[in-house]
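Notes follow the structure.
Throughout, read-outs are computed from the coordinates displayed, never taken from laboratory work. What you see is a predicted model; the values in this text were computed from it and never measured. Reconstructed Cβ throughout: ideal geometry from the backbone, glycine too, with neighbour counts over all protein chains shown.
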Amino acid sequence: MESEEQAFIRRYDEFVKKERRSKVPIDAKGVYALLKKRRGGKFDVVHVGVSASGIRDRLRQHARNQGRNGQWDYFSVFDVQPYVSSLTIEQLEELWKHIYRKGTRTNSLSLQQGLKKSIVKRTPIEEWDPRYSLQFSSQSQKVAQTAVQTTASINV
């Protein structure tokens with residue numbers, strides 16, 4: 001019998017008021033975004049972060065940080081499956097920050113210079129091996145589509 005593939009994201013919630021951060025389960029690990037609500041139901045992304053050991057604790061730390069506390073009033077949280085490694089979570093954060101690093105609407109608190117050289121090497125597309133093709137299952141495609149839709153709805 002073929003085993004069923006699990007989705008990368010176990011559970012998520014979006015646009016949650018900062019005051020409800022203590023409701024995030026203590027074991028939740030993955031990616032979170034700090035958001036500032038604007039008129040018309042739009043949100044600005046203030047910070048994208050990760051935690052391999054506890055998102056709730058990271059949200060608490062951000063709330064106590066005087067420099068960042070007043071800049072966000074909502075958050076989104078994406079809890080990954082228990083089997084997802086810390087390295088994978090860190091790479092995901094770096095990837096998103098790398099993608100948005102030159103965005104004209106990206107908050108300066110969320111930026112970093114680029115991907116860590118020790119984790120991944122930039123390779124020009126012309127040097128990619130054409131025999132290698134990443135095959136996505138239909139469930140993986142759905143997870144990827146949800147992530148893209150979520151990112152677009154945040155209006156970064």
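Exceedance of the 22 Å cut-off in Cα-Cα distance is limited, within the set LYS17/LYS102; LYS36/LYS97; LYS18/LYS42; LYS18/LYS102; LYS17/LYS42, to LYS17/LYS102; LYS18/LYS102. Would you please give the FRET efficiency between ARG64 and LYS102, computed as 1/(1 + (r/R0)^6) with r the Cβ-Cβ distance and R0 = 25 Å, to the nearest 0.05? Efficiency computed from Cβ-Cβ geometry: 0.25.
Which of LEU34, LEU92, LEU87 comes first, and how do the rest follow, when ranked by fewest Cβ neighbours within 10 Å? Write down the numbers at each step before the final one.
On the way: LEU34 27, LEU92 19, LEU87 10.
Final ranking by Cβ density, sparse to dense: LEU87, LEU92, LEU34.
Would you mind counting up the charge near GLY54? Only other residues with Cβ under 11 Å from its Cβ, with Lys and Arg at +1 and Asp and Glu at -1. Don't skip to the answer; put the middle values down first.
Numbers: positive: LYS29, ARG56, ARG58, ARG60; negative: ASP27, ASP57, ASP79.
Taking every other residue near GLY54 into account, the sum is +1.
Summing Lys, Arg as +1 and Asp, Glu as -1, what charge do residues with Cβ under 11 Å from the Cβ of LYS37 carry, LYS37 excluded? Charge balance in the 11 Å sphere: +4.
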